[in-house]
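Reading through the structure tokens given below for one structure.
Here, each number is a calculation from the coordinates, and none is a lab measurement. Keep in mind the model is a prediction, meaning the values are calculated, not measured. No Cβ is skipped: glycine too gets one built from the backbone with ideal geometry, and neighbour counts run over all protein chains shown.
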Amino acid sequence: MGRLVFPGDADWDEARVGRVFNARRPDRQPAAVLLASTEQDLVDGVRLARERGWRIAVRSGGHSWAAWSVRDDALLIDLGGYREMAYDPETEIVSVTPSVKGGLELRPFLAERGRFFGGGHCPTVGVGGFLLQGGQGYNARGWGWAAEQIAAIDVVTAEGELVRASETENSDLFWAARGAGPGFFGLVTRFHLRTRPFPAAIVETIHVYSFDHFDTVMTWLHGIHATISPDVEIVAVSERGNLVVTGFALTSSAEAGREALAPLETCPVIDKALVRETAVPSSFESHAERQIAANPEGFRYIVDNAWLTGSPAEVTKAINPLFTGLPTERSFVIWFSMAPLRELPDMAFSMQSEIYCATYLVYDDPADDRRLRDWLTARMTELAPVTAGQYLGDSDFTAREMRFMGAAQYARLREIRAVRDPESIFVGYLTGDGEPPRNVNPWEAP
Ligand SMILES: Cc1cc2nc3c(=O)[nH]c(=O)nc-3n(C[C@H](O)[C@H](O)[C@H](O)COP(=O)(O)OP(=O)(O)OC[C@H]3O[C@@H](n4cnc5c(N)ncnc54)[C@H](O)[C@@H]3O)c2cc1C
């Protein structure tokens, strides 16, 4: 059944938090950790937890910023040693275990076969947690949330049974798995994912501006982003004292990429750009290097986010202090276009807006924890007038709770949970007070 590690064992802390990406690690103490390496280990683990009266927490890639996998008194089932990938050329479906890294492992595996799946931007993110919470992968703007590409999942239920879930079998579990994130009440052993052809051409525009032009550039970008080709991922990042605007085009030819990126040349202060690279050849590999440099391992992270809504002038004015006032040199903020908004299929994931904004405070001194958290909470609270809600992927409910799902979807999720996991064997969302999240924006609460 894999190896069980208990408190007091020599490798207890390594098993408990060694695979947690964020160096700001929690003190929470599980009852035991099961290091699983086969599907049967996962079934055995759930059954063991039932026998011993433990609740269950799960870890796939270990990239939850809030270390959701580390829960007091629960059995932590760690899937790190269970890594499999298989591609079926007939159906064009790839089957992967949840700890497989979307960029580092799945992308090259599929590229060799001429196929593509939009895993997380940082190449080391595990597909497990990423897909369960929606999955904002490459070009989510034009190609949709990664969870929309799940054809089926294999799940160990709270009863300890291994079942397949899809639109036609166990469809309640399938519905919930696409968006519940850490509130999911089953253990996914495998994802069956639809793939698309690997993009024939990858070209990129990069413009760097000083903050003197922040309001002009961001008001302009907000005004035009919905009109840009759906094959372009559009991101603005505050990085080391500058504003970087990028368009990453994934197209059928370099010419098509150049055309798709052309609107980015219409910025009213383009002649003031400190760096101006227009439609240059790019690659996922070079992006991966940049992501790893921006998100270095071994650092402490405090992360928060908001779905933004409002006019270009209102939103730009509201985000200016966040972008231009970051408190540590390595910290960064992203403005990620999702416009024009695509209609979502019927699934638990149901909260989005035209602009996603996430802040990553990166630092190394534990003495700064409180000060930096307070700084970020203050900035995010100021954004309330232009905030629609939050995305699970960059959230920590112990610090701040907002709406993360449509109200009807959240009610349905709780109904399904009551049927599928009536004894709450799976730990569910980690909140500050131990109660289920309220799923409301505090300023809208009755
Ligand atoms: C450097 C970095 C870059 C990131 N970039 C992106 C990005 O581009 N887009 C994006 O959308 N997100 C991104 N994220 C957020 C990331 O997707 C989430 O933190 C996600 O939860 C990580 O998945 P994981 O499997 O690695 O994490 P884990 O910490 O292993 O899992 C998180 C939680 O998901 C649940 N879970 C995981 N696997 C299973 C399973 N098999 N069965 C049941 N429940 C499970 C558990 O509740 C678990 O505690 C990034 C995070 C980091 C650290």
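Taking Cα centroids, how far is segment 96-158 from segment 267-345 in Å?
Here the two parts' Cα centres lie 21 Å apart.
Counting only helical runs of four or more DSSP H residues, what would the 222 nm mean residue ellipticity of the chain come to if each run contributes -39,500 (n - 2.57) and the total is spread over all its residues?
The per-residue figure over the chain is -7500 deg cm²/dmol.
Using Cα pairs closer than 8 Å and at least 6 residues apart in sequence, work out the relative contact order for segment 201-394, in percent.
It comes to 27 percent, rounded to a whole number.
What is the local net charge at Phe117, summed over the other residues whose Cβ is closer than 10 Å to its Cβ (Lys, Arg +1; Asp, Glu -1)?
+4
Got a sec to turn the phi values of segment 173-178 into Karplus ³J(HN,Hα) couplings, 6.51 cos²θ - 1.76 cosθ + 1.60 with θ = phi - 60°, whole Hz, x for Gly and Pro?
5, 5, 4, 5, 5, 8
Please compute P(r) over all alpha-carbon pairs of segment 103-212, binned at 10 Å starting from zero, and give each bin as a whole-number percent.
Distribution as computed: 13, 41, 28, 12, 4, 1 percent.
Just flag the GluC sites (Glu not before Pro) in segment 299-406 sitting in loop per DSSP whose Cβ has no more than 16 other Cβ atoms within 10 Å.
Sparse-neighbourhood loop GluC sites (Glu not before Pro): Glu329, Glu343.
So for segment 201-394, considering every pair of alpha-carbon atoms, how many percent are separated by more than 23 Å? All intermediate terms of the calculation are to be shown ahead of the outcome.
Details: 8483 of 18721 pairs.
Of all Cα-Cα pairs in segment 201-394, 45 percent lie more than 23 Å apart.
For segment 394-426 and segment 181-207, write down the distance between their C-alpha centroids in whole Å.
Going from one Cα centre to the other spans 23 Å.
Between Met1 and Glu314, with labels modelled 7 Å along Cα→Cβ, what's the label distance in nm to one decimal, could you check?
5.5 nm
How compact is the chain by the rule of thumb for globular proteins, expressed as Cα Rg over 2.2 N^0.38 Å? Could you put the intermediate results ahead of the total?
On the way: Rg = 21.4 Å, N = 446, 2.2 N^0.38 = 22.3 Å.
After normalising by residue count via 2.2 N^0.38 Å, the value is 0.96.
From the residues Val156, Gly142, Leu110, which one has its Cα farthest along the dipole of segment 87-197 in the positive direction, the dipole being from +1 and -1 charges on Cβ of Lys/Arg and Asp/Glu about the Cα centre?
Gly142
Only four residue types carry charge here, +1 at the Cβ of Lys and Arg and -1 at the Cβ of Asp and Glu. Report the dipole size of segment 87-197 about the Cα centre in Debye, rounded to the nearest 20.
520 debye
Give the calculated FRET efficiency between Asp11 and Thr168 to the nearest 0.05, with a Förster radius of 60 Å applied to their Cβ-Cβ distance.
0.90
Considering Cα pairs under 8 angstrom that are at least six residues apart, work out the relative contact order of the chain and quote it in whole percent.
Computed over the chain, the figure is 15 percent.
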